[in-house]
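Heads up, the thing below is written out as structure tokens.
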Amino acid sequence: MHKMDFEFIRREVIAQIRDGAEFIELNATALLHNEAPFLRKAVDIIESCGGKALVRSDKVETLIEIIPLARNEMVIGDIDFDTKKIDAVLAVARGRNVKFIARIAEPGKENGDDSSPEKSLLIAQLYIDHLLDNGLARTHILLDPVVRPLEEDFYNGRNFLTTLELFKLDFPQVKTIANLSVLSEGLPMRGLISSNFVSLAIEKGLDYIVLDVLEKSIIESVITTLSIIGKDRNMQSYLSFCRTNRESRKRGL
């Protein structure tokens, strides 16, 4: 990203879309003043390749600049519950095909101290009410319960799953999203944790999963879990996945 190597970005986008990614996540906050220029070009590349962009930034001015560039559906985040910031972004997103990630994190509790699923539920209710009152359709809200690393607290996985379960019980019509790979940050054999965590999260009702679709072990967990819990009609996805991988092995891929 720092090299602005957009040909590399294009190849990555094509590979992710080819293997089933619906949205391509962009997070360029590390680029500082080059964040918006990078995102402008990257969004165009994603859409020209037939994909959709998920743009994550905590800078309101960046989101305001990028939202009007999208020709396809776009997902944006991550704004904590700050009504002034939310309203500024909504003013630009209103009337466009934009889904809004409601990041449910307690102010000043970024490390998870004193946070709880019950407190997250209260914040989620406030966030949803504010978005609905300001004209955002319920179908355009994505609740992010926020995954925190196990390295910080070995209860973080359990707390996320409990929070997710509460969200699905209290807000059944609102979709959820999470980056599950965060749980294993700083630990060895990260794929082992992620592949099991994704199964538990799907069973609890997680709707959108931020993951690398090229990580076969995680995709295997997603497809297998959906089949087991009855969300793979006639086992079509599972059987298709098995056929595709059988053919790949025959070709030596």
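The single condition among (1) under 18 Å from GLU7 (Cα atoms); (2) of a type in the set (Ser, Thr, Tyr); (3) buried (at least 18 other Cβ atoms within 10 Å of the Cβ) that SER48 does not meet is (3). The condition (being surrounded by 15 or more Cβ atoms within 10 Å (Cβ to Cβ) and within 15 Å of VAL210 (Cβ to Cβ)) is satisfied by just one residue among ALA28, ALA21, ALA42: ALA21. Note on the range 205-218: residues that are buried (at least 19 other Cβ atoms within 10 Å of the Cβ) and either more than 13 Å from the chain's Cα centre (by Cα) or assigned to a helix (DSSP H, G or I) (or both) amount to 1.
Looking only at the range 8-26, count every residue that is out of contact with any helix residue (DSSP H, G or I) (no Cβ under 9 Å at 6 or more places or on another chain) and farther than 27 Å from SER240 by Cβ and tell me the total. Step through it out loud before you land on a result.
First, pick out the residues of the range 8-26 that are out of contact with any helix residue (DSSP H, G or I) (no Cβ under 9 Å at 6 or more places or on another chain): 8, 11-12, 14-16, 18, 22, 25.
If we keep only those that are farther than 27 Å from SER240 by Cβ as well, we get 8.
Total meeting the criteria: 1.
Of the residues in the range 54-69, not one is exposed (fewer than 15 other Cβ atoms within 10 Å of the Cβ), among the charged types (D, E, K, R) and more than 21 Å from ARG96 (Cα to Cα).
With a requirement of 2 or more residues that are of a type in the set (Val, Ile, Thr), the strands (runs of 3 or more DSSP E) lying completely within the range 53-158 that satisfy it span 74-79, 98-103. Every listed requirement among (1) over 17 Å from VAL75 (Cα atoms); (2) surrounded by 14 or more Cβ atoms within 10 Å (Cβ to Cβ) is met by PRO188 save one, (2).
Each value in this text was obtained by applying a stated rule to the coordinates, not by laboratory testing. Being a predicted model, the structure only gives us computed values, none of them experimental. Cβ: placed from backbone, ideal geometry, glycine included. Neighbour counts: every protein chain shown.
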